[in-house]
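Here is the structure we will look at.
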Amino acid sequence: MLKNDKSGVHPCWSCKGPVGGGDLFCETCHAVQPPGHIDHFTRFGLQKAYSLDVDGLERSYFELQRHLHPDRFANKTPKEKTLSQQQAVSLNEAFEVLKDPLKRADYLLSVHGMTGISHDHTVNDPVLLMEAMETREALMEAQTVDTVNALSDKARRDVRDCVRAIAQAFDQEQYDDARKLALRLKYLTKLLEETRQHKARLVMK
C-alpha cells in the first residue's frame, strides 16, 4: 500500500507530477514525499471510524515502514533521506495512536471537533466515580491472586464492552456519549494496570 489517499492532490516536489495527500512516493518519478498535514486515518488510507482491523493496520504499517527503511535510501539525496525519516516518524505516531483503543477514541474525538480526554484528570460522572471507588476498595482488600484475577477478568470484559459501545456511539455520531465512554475506558485501562501491579505484589510476598 504505497498509495493511501488521493485527497489533497498536490505537485511532487521533484518532478511536479500529481501526488495524493497520503502517498509516500510520487507515481511519476518515485521520489519520496513529505508526510504532509493529514490525519492519522488518512495516512493509512482508512475511513475516519473508531472500528478498524488492528491486524490489518499492523500489516499496513510494517509494509509502509519497509519501503522507508534507511537501506533503501543509502544512495539517495540528503533531501530524500530526510523526507523518508519524516515519513517514518509520522507513520510511527499514527500507528501508536490508532492501534490503541483509548488513544484512538481520544484522537477521533478531536477529529470531530470535540475536546479529547487526554488532559482530563478528574471525573465528574457520579456513576463512574462510585464504580471506581467500589472496585478500588475491592482491589485493596484482595488478599489472594485468585481474587485479583477475578477482578482483572471482570475489568477485561468491561473494557471489551466499553470499546464496542464507543464504536457504536461514533457510528451513530453521538460524540458526547463517545466522550463519556472514552473516560470510562480510561478508568478501566488504569484499573487493569492496578490489578497487574497488585497481583505482582501478592506473588512476591
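Once every DSSP H run of n ≥ 4 in the chain is given -39500 (n - 2.57) and the sum is divided by its residues, what mean residue ellipticity at 222 nm do you get, rounded to the nearest 500 deg cm²/dmol? Please list the in-between numbers first.
On the way: 7 runs with 123 residues, N = 205.
That comes out to -20000 deg cm²/dmol.
P(r) for the range 126-203, from all Cα pairs and a bin width of 5 Å, is 3, 16, 25, 21, 15, 10, 6, 3, 1 %, short bins first. Once the Cα atoms are used to define both axes, helix 145-171 deviates from the longest principal axis of the chain by about 50 degrees. Per-peptide packing, taken as the mean over residues of other Cβ atoms within 10 Å, places 163-171, 55-63 in the sequence 163-171, 55-63 from highest down. Here the range 99-180 has 52 percent of its accessible surface on carbon and sulfur atoms, given a 1.4 Å probe and all protein chains in place.
Ignoring ligands, DNA and RNA, what accessible area per residue does the range 1-101 give at 1.4 Å, in Å²? Show your work: numbers first, answer last.
On the way: 5550 Å² over 101 residues.
Result: 55 Å² of accessible area for each residue.
Taking a 1.4 Å probe, which of ILE38, ILE117 shows the most accessible area, and what order do the others take after it?
Details: ILE38 45, ILE117 5 Å².
Putting ILE38, ILE117 in descending order of accessible area: ILE38, ILE117.
In debye, nearest 20, what is the charge dipole magnitude of the range 10-99 about its Cα centre with +1 on Lys and Arg Cβ and -1 on Asp and Glu Cβ, if you could check? Write out the running numbers ahead of the final one.
Values: 10 positive and 11 negative charges, 67 e Å.
It comes to approximately 320 debye.
Plainly put, the range 10-99 has a radius of gyration that is 0.97 times its Kirkwood radius, both from alpha-carbon atoms, as the Rg/Rh ratio. Select one label from (i) 19.5; (ii) 17.0; (iii) 18.0: the one whose number is Kirkwood radius over Cα pairs in Å as derived from the coordinates shown. Computing Kirkwood radius over Cα pairs in Å and matching it to (i) 19.5; (ii) 17.0; (iii) 18.0 gives (i). Converting phi to 3J(HN,Hα) with the Karplus coefficients 6.51, -1.76 and 1.60 and the offset θ = phi - 60°, the range 131-138 yields 4, 5, 5, 5, 5, 5, 5, 5 Hz in sequence order, with x at every glycine or proline. Close lysine pairs were tallied over the range 10-99: pairs 8 or more places apart or on different chains with Cα atoms under 20 Å apart number 4. Pairing the Cα long axis of helix 101-111 with the longest principal axis of the chain, what angle in degrees results, from 0 to 90 and rounded to the nearest 10? Rounded to the nearest ten degrees, it is 60. Spatially, the range 146-205 and the range 42-63 are offset by 23 Å when compared through their Cα centroids.
Entry comment: accessible area of the range 126-203 is 61 Å² per residue, from protein heavy atoms only and a probe of 1.4 Å.
The values are calculated or read from the model by the stated rules, or taken from the named source; none is laboratory data. Every value quoted in this text rests on a predicted model; they were computed, and no experiment measured them. With ideal geometry, Cβ positions are generated from the backbone for all residues, glycine too; neighbour counts draw on all protein chains shown. Surface accessibility is based on the protein's heavy atoms, side chains included, excluding ligands, DNA and RNA. Shrake-Rupley method; radii C 1.70, N 1.55, O 1.52, S 1.80 Å.
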